[in-house]
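The values are calculated or read from the model by the stated rules, or taken from the named source; none is laboratory data. Small disclaimer: the values here were computed from a predicted structure and weren't measured. Please note: Cβ atoms are built from the backbone with ideal geometry, for glycine as well, and neighbour counts cover all protein chains shown.
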Amino acid sequence: MMTTQAPTLPEKHYLNAGYGWRSWLLTTDHKRIAVLYLISITAMFALGSFYAALVRWNLLVPDGSHMSAETYNKAFTAHGVIMVFFFLIPSIPATLGNFLIPLMIGARDLAFPRINLLSWYIYVFGAAITLYALLAGGLDTGWTFYTPYSTVYAQSNVVIAVVGVFVTGFSSILTGLNFIVTIHTMRAPGMTWFRMPLFVWAHYATSIIQVLGTPVVAVTILLVALERIFHFGFFDPNRGGDPILFQHLFWFYSHPAVYIMILPAMGVISELITCFSRKRIFGYSFIAMSSLAIAVIGFLVWAHHMYVSGMAVYSAMVFSALTYLVAVPSAIKTFNWTATLYKGSVQWDTPMIYVFCFIGLFLIGGLTGLFLGNLGTDVHLTDTYFIVAHFHYIMVGGAIMGYLGGLHFWWPKITGRRYLEAWGKVSSLLIFVGFNLTFFPQFFLGYVGMPRRYHVYPEEFQVLNVLSTAGATILGFGYLFPFSYLTYSVFKGRPAGNNPWKAKGLEWTTTSPPPAHNFDETPTVTEEAYDYATPPKEKSALV
Amino acid sequence: MPLLPEQASSFAGEVDALFFFILGVSGLFAVGIWIALLYFGIRYRRRSDDDRPREIYGSLALELTWTLIPLAIMTVMFVWGAKVFFELNRPPDDAMTVSVVGKRWMWKIQHPTGHREVNELHVPVGRAVRLVITSEDTIHSFFVPAFRIKKDAVPGRYTMAWFRATKVGTYHLFCAEYCGLEHSKMIGWIVVQTPEDYQGWLAGGPRPDSPAAEGEQLFSELICSTCHDPGSSERGPVLTGLFGRTVALASGDTVVADEVYVRESILNPAARVVAGYQPLMPTYQGLVSEEQIITLIAYIESLQVSPSALGRQEAE
């Protein structure tokens with residue numbers, strides 16, 4: 001083995017390309033905007049976690065003596081609204097996607113850099129409005145805003161909160177639009193569609209959902225606000241409206257929104273699993289096309305949230321069949337990832353541990369979806385803790401594990417520095433254990449019949465709830481570790497070098513951190529994605 | 001600490017069988033993939049930084065295998081689930097009908113005998129019970145875990161559910177759709193009794209009027225008879241023999257005169273006017289409660305002429 005010189009930071013990079021708050025708040029550099037998003041969504045995640053802690057604290061006892069019903073209802077609503085609209089939906093696309101898509105396809109920036117900055121401002125503006133609603137009085141409708149409760153009966157800040165979510169939707173639409181145009185028009189020479197990293201494919205599919213779905217929910221919640229203010233009879237049956245119509249419109253977006261959360265994480269997994277097994281991805285085109293299949297079929301399954309709402313038996317059957325159909329592409333991905341490891345060279349670094357967590361937990365989340373898509377079992381399980389456990393396995397076990405894995409993997413590229421690997425491994429284990437202890441008991445809780453959104457509950461459910469709260473405590477501490485050591489590494493971490501993981505992909509051919517313009521000269525792509533049979537070319541770290 | 005809910009209805013066994021079928025199949029897949037992941041992860045761990053594994057692009061045969069096999073298994077799950085769901089939504093003809101009105105935050109229940117209860121439902125074991133469910137305010141959901149049934153109570157419409165209790169006992173009734181402040185206190189009990197005990201319970205209190213009798217009284221109080229009785233002005237259709245019949249509408253369509261149509265005709269009479277009549281009837285929105293509407297429907301249902309219908313009423 002040859003000895004290598006310790007890497008150093010490049011002289012000029014995007015982080016030191018300008019100083020002062022103006023250089024950040026008026027930047028059009030996709031990398032800096034990604035960092036702005038990273039800071040914003042981390043703050044929202046912390047706030048959402050705080051509300052989760054309140055919920056779990058209340059459920060430690062069956063009699064609701066820890067807080068009033070009103071406080072509890074507002075806590076779970078705030079948890080849901082913040083985590084869904086202000087953390088999970090923007091999480092991977094707005095941070096990693098924003099940072100990496102131009103780098104991965106060999107572009108200097110996104111197609112519309114100013115719109116990219118605008119989308120961040122819209123996000124912050126929307127978040128500020130919703131936070132005002134949550135903090136000044138609160139919101140008690142649940143994140144689903146079901147009518148006619150939200151339009152007629154709720155006594156809380158529905159209109160303001162809804163306006164905030166409405167505004168934020170535009171941030172999501174603009175990001176999606178930007179990605180689609182960028183991927184279509186700004187690929188480097190030789191970067192054909194089927195040479196693109198699967199991360200880019202996943203974001204392409206996600207962007208389609210964002211652009212097509214978000215306007216529907218935006219209009220729907222606007223109707224909620226209009227009915228609340230002007231008493232139009234859209235959803236209120238006493239004014240000739242139909243409350244079930246709201247559910248159809250809401251889930252038409254909000255079910256595909258689940259795929260907005262999980263598809264980018266799937267993209268992350270494809271990048272990581274190839275790098276840490278030094279293998280070409282097994283079945284590239286099947287993984288790429290399954291992302292598109294999920295995006296398309298995902299639009300046709302929404303009413304599986306409504307089997308017990310009194311819908312016609314035959315239409316329920318159609319939605320159930322389509323729901324099973326959308327499970328197939330996810331299964332295809334899982335099998336292909338597993339097969340990728342076969343005869344690979346598997347390195348158990350922190351990002352790879354998150355990959356194992358992701359596949360293992362997403363599997364549980366996905367397979368429990370089979371119980372809920374099923375007409376016979378869903379009747380019993382829906383609106384119980386079974387469904388709470390199911391979607392947390394998808395969103396936390398899946399999306400957040402993918403996000404953390406990706407964050408660790410690209411951290412050296414984003415900051416130019418290494419985090420402490422041992423800390424990474426220990427905390428990933430802590431998060432894995434804490435997560436499972438929190439949510440696995442909830443499957444049992446739901447099956448024995450505890451409904452969700454209950455402030456007080458029968459005593460026989462207490463043991464499982466105590467386990468869940470204990471797990472949430474571990475999980476909460478688990479999240480503090482990456483926050484601490486990653487922040488620490490920004491200032492004190494040792495320089496990473498251009499390609500610390502010896503990964504393939506254009507983002508690793510430029511410096512860490514990359515220069516403001518990404519590449520000194522536009523790269524030309526001559527090989528397929530994940531060509532791990534040939535080692536990555538060493539490029540001098542010096543500029 | 002119970003990990004399995006009690007099985008106390010004719011559905012419970014079948015829903016659980018389906019549940020454990022899906023659990024078994026998906027458990028097998030999950031464990032298989034976990035083992036494969038860990039085995040590959042350890043067996044093929046990196047031994048040297050110079051490792052360059054041989055390239056594998058993929059395999060069409062494998063892709064087809066792991067697409068088609070899950071698809072086939074899921075088809076079985078779907079069909080089985082659809083069958084159970086079909087049964088859940090098809091009450092037998094001999095079911096006794098109990099009306100359920102959700103209101104924040106209580107369940108108001110009326111038996112076919114006219115007996116009313118709140119947050120409790122007494123039923124005889126072995127008898128099919130059909131629930132006609134609605135809500136006075138926001139959406140609720142009638143959930144009995146031991147029976148494996150759940151159905152939303154939706155304001156402005158009727159939903160149906162049914163069950164046949166198989167075991168004497170007392171079982172949780174929960175509201176499963178978030179309905180505001182006291183959502184978690186909108187709970188109660190289903191009391192399943194032997195037929196004798198149930199008769200005893202019915203005989204316990206003062207004997208109430210039947211829903212149809214209550215409805216008849218209300219019908220005359222609201223002077224519906226001015227227009228709807230035979231020999232009256234007959235500005236509205238005569239209601240005898242109406243219920244369950246297919247009615248021709250002024251619009252040229254037809255409609256089956258069921259609970260939903262009768263309710264709509266009381267609250268929104270102009271929506272679907274019977275052929276040959278003018279939309280003269282005023283709305284009774286706000287003048288009658290959901291429970292009163294249910295008694296009016298029961299009265300109209302009782303105005304039958306056919307002998308088979310008479311026989312059915314006597315049986316009840």
Unmet criterion (only one of (1) aliphatic (A, V, I, L, M); (2) assigned to a helix (DSSP H, G or I); (3) over 20 Å from A:G283 (Cβ atoms)) for B:L71: (3)
Selection from segment B:99-125 of residues that are in contact with a helix residue (DSSP H, G or I) (Cβ under 8 Å, 6 or more places away or on another chain), of a type in the set (S, T, N, Q) and more than 15 Å from B:I293 (Cβ to Cβ): B:T113
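What about A:P351, is it touching a Ser or Thr at 6+ places or on another chain (Cβ under 6 Å) and either over 30 Å from A:V313 (Cα atoms) or modelled with pLDDT under 95 (or both)?
Working: touching a Ser or Thr at 6+ places or on another chain (Cβ under 6 Å): no; either over 30 Å from A:V313 (Cα atoms) or modelled with pLDDT under 95 (or both): yes.
Considered against the rule, which asks whether it is touching a Ser or Thr at 6+ places or on another chain (Cβ under 6 Å) and either over 30 Å from A:V313 (Cα atoms) or modelled with pLDDT under 95 (or both), A:P351 comes out as no.
Within segment A:24-34, count every residue that is surrounded by 13 or more Cβ atoms within 10 Å (Cβ to Cβ) and over 17 Å from A:F86 (Cβ atoms). Outline the logic, then answer.
Keep residues of segment A:24-34 that are surrounded by 13 or more Cβ atoms within 10 Å (Cβ to Cβ), which gives A:24, A:27-34.
Right, trim to over 17 Å from A:F86 (Cβ atoms) and you get A:24, A:27-32.
Total meeting the criteria: 7.
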Matching entry among A:V308, A:V296, A:V313 (being surrounded by fewer than 23 Cβ atoms within 10 Å (Cβ to Cβ), touching a helix residue (DSSP H, G or I) at 6+ places or on another chain (Cβ under 9 Å) and at the interface with chain B (Cβ under 9 Å from one of its Cβ atoms)): A:V313
Selection count, segment A:306-323, where residues are free of Cβ contacts under 8 Å to residues at least 60 places away in the same chain and within 29 Å of the chain's Cα centre (by Cα): 7
Selection from segment B:117-145 of residues that are assigned to a strand (DSSP E or B), at the interface with chain A (Cβ under 8 Å from one of its Cβ atoms) and within 13 Å of B:H172 (Cβ to Cβ): B:F143
Search result, residues across segment B:146-182 that are in contact (Cβ under 8 Å) with a residue 60 or more places away in the chain, facing chain A (nearest Cβ under 7 Å) and over 14 Å from the mean Cα position of the chain (by Cα): B:C179, B:G180, B:L181, B:E182
Check on B:G231, of a type outside the set (F, W, Y), out of contact with any Lys or Arg (no Cβ under 8 Å at 6 or more places or on another chain), modelled with pLDDT under 85 and not in a helix (DSSP H, G or I): yes
Residues located in segment A:337-349, provided they are more than 7 Å from every other protein chain (Cβ to nearest Cβ) and crowded, with 24+ Cβ neighbours inside 10 Å: A:W337, A:T340
Segment B:51-64 residues that are facing chain A (nearest Cβ under 7 Å) and under 18 Å from A:T274 (Cβ atoms), paired with ones that are hydroxyl-bearing (S, T, Y) and part of a helix (DSSP H, G or I) (beta carbon under 9 Å, 6 or more apart): B:I56/A:T340; B:Y57/A:Y284; B:G58/A:Y284; B:G58/A:S285
Condition broken by A:T323, with the remaining ones in (1) out of contact with any His (no Cβ under 6 Å at 6 or more places or on another chain); (2) polar (S, T, N, Q); (3) under 26 Å from A:N374 (Cβ atoms) satisfied: (1)
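In segment A:380-393, which residue that is β-branched (V, I, T) and surrounded by fewer than 24 Cβ atoms within 10 Å (Cβ to Cβ) is farthest from the chain's Cα centre (by Cα)?
Narrowing segment A:380-393 to residues β-branched (V, I, T): A:382, A:384, A:387-388.
Filter again for surrounded by fewer than 24 Cβ atoms within 10 Å (Cβ to Cβ), leaving A:387-388.
Numbers: A:I387: 18, A:V388: 17 Å.
Once the filter is applied, the top-ranked residue is A:I387.
Checking the conditions here, which among B:E216, B:E196 is assigned by TED's automatic domain parsing to the domain that holds B:G114 and either part of a helix (DSSP H, G or I) or over 26 Å from the mean Cα position of the chain (by Cα) (or both)?
On the way: B:E216 fails: assigned by TED's automatic domain parsing to the domain that holds B:G114.
After ruling out the rest, the residue left standing is B:E196.
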Single residue of segment B:71-83 satisfying the filter (touching a residue at least 40 places away in the same chain (Cβ under 8 Å) and buried (at least 20 other Cβ atoms within 10 Å of the Cβ)) that is nearest to the other protein chains (Cβ to nearest Cβ): B:G81
When residues of segment B:37-50 are limited to those that are of a type in the set (A, V, I, L, M, F, W, C) and more than 7 Å from every other protein chain (Cβ to nearest Cβ), the one nearest to the chain's Cα centre (by Cα): B:L38
Residue match in segment A:250-266 (condition: touching a residue at least 12 places away in the same chain (Cβ under 8 Å), over 30 Å from A:M196 (Cβ atoms) and crowded, with 24+ Cβ neighbours inside 10 Å): no
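For B:A95, indicate whether it is within 14 Å of chain A (Cβ to nearest Cβ) and surrounded by fewer than 21 Cβ atoms within 10 Å (Cβ to Cβ).
Numbers: within 14 Å of chain A (Cβ to nearest Cβ): no; surrounded by fewer than 21 Cβ atoms within 10 Å (Cβ to Cβ): yes.
Considered against the rule, which asks whether it is within 14 Å of chain A (Cβ to nearest Cβ) and surrounded by fewer than 21 Cβ atoms within 10 Å (Cβ to Cβ), B:A95 comes out as no.
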Residue list for segment A:435-461, restricted to those being buried (at least 21 other Cβ atoms within 10 Å of the Cβ) and more than 14 Å from every other protein chain (Cβ to nearest Cβ): A:F435, A:T438, A:F439
Residue pairs meeting the criteria (Cβ under 6 Å; at least 6 apart or on separate chains; first under 27 Å from A:F432 (Cα atoms), in segment A:480-504; second polar (S, T, N, Q) and assigned to a loop (DSSP other than H, G, I, E, B)): A:A496/A:S512
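The rows are residues; the columns are (1) crowded, with 17+ Cβ neighbours inside 10 Å; (2) not in a loop (DSSP other than H, G, I, E, B).
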site	(1), (2)
A:N465	yes, yes
A:V490	no, yes
A:G497	yes, no
A:K502	no, no
Residue check, B:R90 more than 17 Å from B:K185 (Cβ to Cβ), out of contact with any helix residue (DSSP H, G or I) (no Cβ under 7 Å at 6 or more places or on another chain) and within 13 Å of chain A (Cβ to nearest Cβ): yes
Yes/no for A:G416 being in contact with a Ser or Thr (Cβ under 7 Å, 6 or more places away or on another chain) and on the phi > 0 side of the Ramachandran plot: yes
Subset of segment B:1-20 [in contact (Cβ under 8 Å) with a residue 40 or more places away in the chain, more than 7 Å from chain A (Cβ to nearest Cβ) and either within 16 Å of A:F443 (Cα to Cα) or in a loop (DSSP other than H, G, I, E, B) (or both)]: B:E6, B:Q7, B:A8, B:S10, B:F11, B:D16
